[in-house]
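Values quoted throughout were computed directly from the atomic coordinates according to the rules given, and no laboratory measurement underlies them. From a predicted model like this one, the values you see are computed outputs, not experimental measurements. With ideal geometry, Cβ positions are generated from the backbone for all residues, glycine too; neighbour counts draw on all protein chains shown.
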Amino acid sequence: MQEITATLKKAVKELFNEDVEPELTRPDEQFGDFATNIALQLGGRLNKNPREIAVALASKLHGQDGIAEVNIAGPGFINIKFSNEALLKSLNQKPPKTFEGKIVVAEYSDPNPFKVLHAGHLYTTVVGDAIANFIENAGGSVHRVNFGGDVGRHVAITMWAIIKELRGENPEKLQEVDAEKRLEWISAQYVKGNNAYAEDEAAKAEIGELNKRVYRLHEQNDHDSAFAQIYWTCRQWSYDGFGKLYQQLGVKPFEKYYPESQTTPLGIEAVTAQKEKGVFEESDGAVIYKGEKDGLHTRVFITSAGLPTYEAKDLGLSLAKWRDYRFDENVIITANDITEYMKVVMAALAHFEPELPKRTRHLTHGIVKLAGGVKMSSRKGNILRAVDILDVAAEANRKISSNDDERITLGAVKYAFLKNRIGADIIYDPEESVSLVGNSGPYLQYAHARARNILAKAGKSTEAEHSNLDVNERSLAKKLGEYAESVEKATKELMPHHVATYLYELSQVFNRFYEKSRVIDDPREAIRLELVRKYADTLKDGLGLLGIAAPDKM
């Protein structure tokens, strides 16, 4: 696409002395390889009939290197068909390095210690890892980071229940907790504590005091008291559990984990300093930012009790990431329930660090639900956990395929998430996700293994003849040539679904090719094997960008 774009721009400049950016599309195969409405774009600007412009451009393009045919349709649409040589050459085209030399911080997953990692965290982990892959593929220097609340009310809620469960501040009793069930145990304590907070005024008051103790623990760097030993041990259990799941998912490791206890001081310091400059103001003892002046809403950054809110912590997080990385772009992936909240945080930040909001891209997603299920809540204890999704996928895989290949299970879950545009709710259907029929991860993994099997059966082939392609070979070559465009689009928009959609469409084109074109022991074996090899390599590369394994055998 880059070459034909350059050719069109040059032709327009030479014929009409105009600088334009041609809009190219992929028409139905019968019309050609590319179509452009550039003549219509120029019609108004030049005050000429678009079809006359199209005729002039077509005449200019005829005979250009790599162009076999140029036709005009309708009021001035131009359809362009490549020569076979040019079409096959396009198979080696690489997407542009749009992030070359750029430092990018990718923040995603963001589970909270003292709570279980739920399905939403699983989704952001999978999507965030894929997006970071695309940025790295485009030349970016990516720093994968994680953020979570190791202070705050939810911690106090869990600590209250843990202390009750241990019959006091008795850290030695933690040894009685099954090492394989520590995350589940902590999650169960959170549910108990939250119920008590909602139903028992005495418990609510005790939890309020524990919340202050947790903050003081960090201020005093206390690791020795019985309370501190319980806290630090359970926090580490949470981190260990998260790390174990990340390893199971096969995602790239996080470079840094930002706990709220570290970003909180930065946030408080910034709010305090900017209050003196009029960015923040006091209201009933609290420190607030009046977002109405930005068309938003008012939010509290420090409570009347002197405690920082999530807003102050997120403010501190932005400052910490800037301090550590001096990033060109800061990508954040979260659930969409904090969209408006983040707008207020960024609006406040813009008053004293105006570059940071400009360099921040906040991508949001909906709720993850099982097909036929309902939204669940960690507070009520009916949370849909990350491991629940993996378990039901593994069970469905065993039921349908009678195998326990974790690569297939992970491919099923990841692709089910990544094939949908980021933004809406995600309905996960386990059986559909592991099916070897239809638009699924295992289907594409099988397509790759099938292509590798064809190549394994082939002997040594003679050099392929490129001067002639039959209609089925040309159709496959044309689709293979679109891969770089799909990667470029996914990278530009940070939307991996573009590549997922492309890979599925490619597999459909290959199926039609293979139904009609014998490969092994055919007079045209050489060129067909070359196309099969390119097809397999494209599937493997695309699945790799999505974070999905491409087994050679299934």
Kindly flag which residue pairs out of Lys244/Lys399; Lys48/Lys489; Lys277/Lys321; Lys10/Lys540; Lys252/Lys321; Lys414/Lys489 have an alpha-carbon separation exceeding 28 Å in this structure.
Lys48/Lys489; Lys10/Lys540
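Determine the calculated [θ] at 222 nm for the chain from helices alone, applying -39500 (n - 2.57) to every DSSP H run no shorter than 4 residues and normalising by the residue count; nearest 500 deg cm²/dmol.
Result for the chain, helices only: -17000 deg cm²/dmol.
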State the three equivalent ellipsoid semi-axes of segment 2-82, derived from the C-alpha gyration tensor as the square roots of 5 times its eigenvalues, in descending order and whole Å.
18, 14, 11
Want the number for Ser402 to Lys164: 0.36 nm per residue separation, take away the alpha-carbon distance, what's left?
81.2 nm
Gained length - Arg216 relative to Ala350, 0.36 nm times residue gap less alpha-carbon distance:
45.2 nm
Sequence ranges 111-121, 338-348, ranked by mean other-Cβ count within 10 angstrom, highest first
111-121, 338-348
Label points 7 Å out from Cα along the Cβ direction at Glu505 and Leu455: separation in nm?
2.4
Relative to the chain, whose Cα atoms define the longest principal axis, helix 406-418 and its Cα axis are tilted in degrees, nearest 10, by 80
Helix 441-457: angle to the longest alpha-carbon principal axis of the chain, degrees 0 to 90, nearest 10?
50
Could you give the alpha-carbon Rg of segment 150-237 over 2.2 N^0.38 Å, rounded to two decimals?
1.01
Of all the C-alpha pairs in segment 439-554, what % are more than 25 Å from each other?
21
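Restricting things to Cα coordinates, could you compute the convex hull volume per residue of segment 214-263 in Å³?
Hull volume normalised by residue count: 79 Å³.
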Residue by residue through segment 521-528, the couplings from Karplus 6.51 cos²θ - 1.76 cosθ + 1.60 with θ = phi - 60°, in Hz, x for Gly and Pro, are 6, 9, x, 9, 4, 4, 5, 5
For segment 183-276, the Rg and Dmax computed from alpha carbons only, in angstrom
16.6, 48
Tilt of helix 483-493 relative to the longest C-alpha principal axis of the chain, in degrees (0 to 90, nearest 10)?
40
Residues whose built amide H sits under 5 Å from the amide H of Ile367, excluding neighbours closer than 5 in sequence, are Asp425, Ile426
For the residue pair Asp65 and Val471, what label-to-label distance in nm results when each label sits 7 Å from Cα along the Cα-to-beta-carbon direction?
3.2
Quick one: compute the contact order of the chain, relative version, from alpha carbon pairs under 8 angstrom and 6+ residues apart, as a percent.
14
Contour minus end-to-end for Thr233 and Asn336, with contour as 0.36 nm per residue of separation and end-to-end as the Cα-Cα distance?
33.9 nm
Please give the peptides 163-172, 296-305, 13-22, 445-454 ranked by average Cβ packing (other Cβ atoms within 10 Å per residue), highest first, as a rough proxy for protection.
445-454, 296-305, 163-172, 13-22
May I ask for the net charge around Lys540, where only other residues with Cβ less than 10 Å from the Cβ of Lys540 are counted and Lys, Arg are +1 while Asp, Glu are -1?
-2
Quick one: of the DSSP bridges fully inside the chain, what percent are antiparallel, nearest 5?
45
If each of His223 and Ala305 carries a label point 7 Å out from its Cα toward its Cβ, how far apart are those two points in nm?
2.8
Whole-angstrom gap from segment 183-238 to segment 472-550, using each part's C-alpha centre:
53
From the C-alpha gyration tensor of segment 110-264, pull out the three semi-axes of the equivalent ellipsoid (sqrt of 5λ each), sorted largest to smallest, in whole Å.
31, 16, 15
Please give the residues of segment 74-112, grouped as numeric ranges, whose backbone N is less than 15 Å from a label point set 7 Å along the Cα-to-Cβ vector of Thr25.
74-80
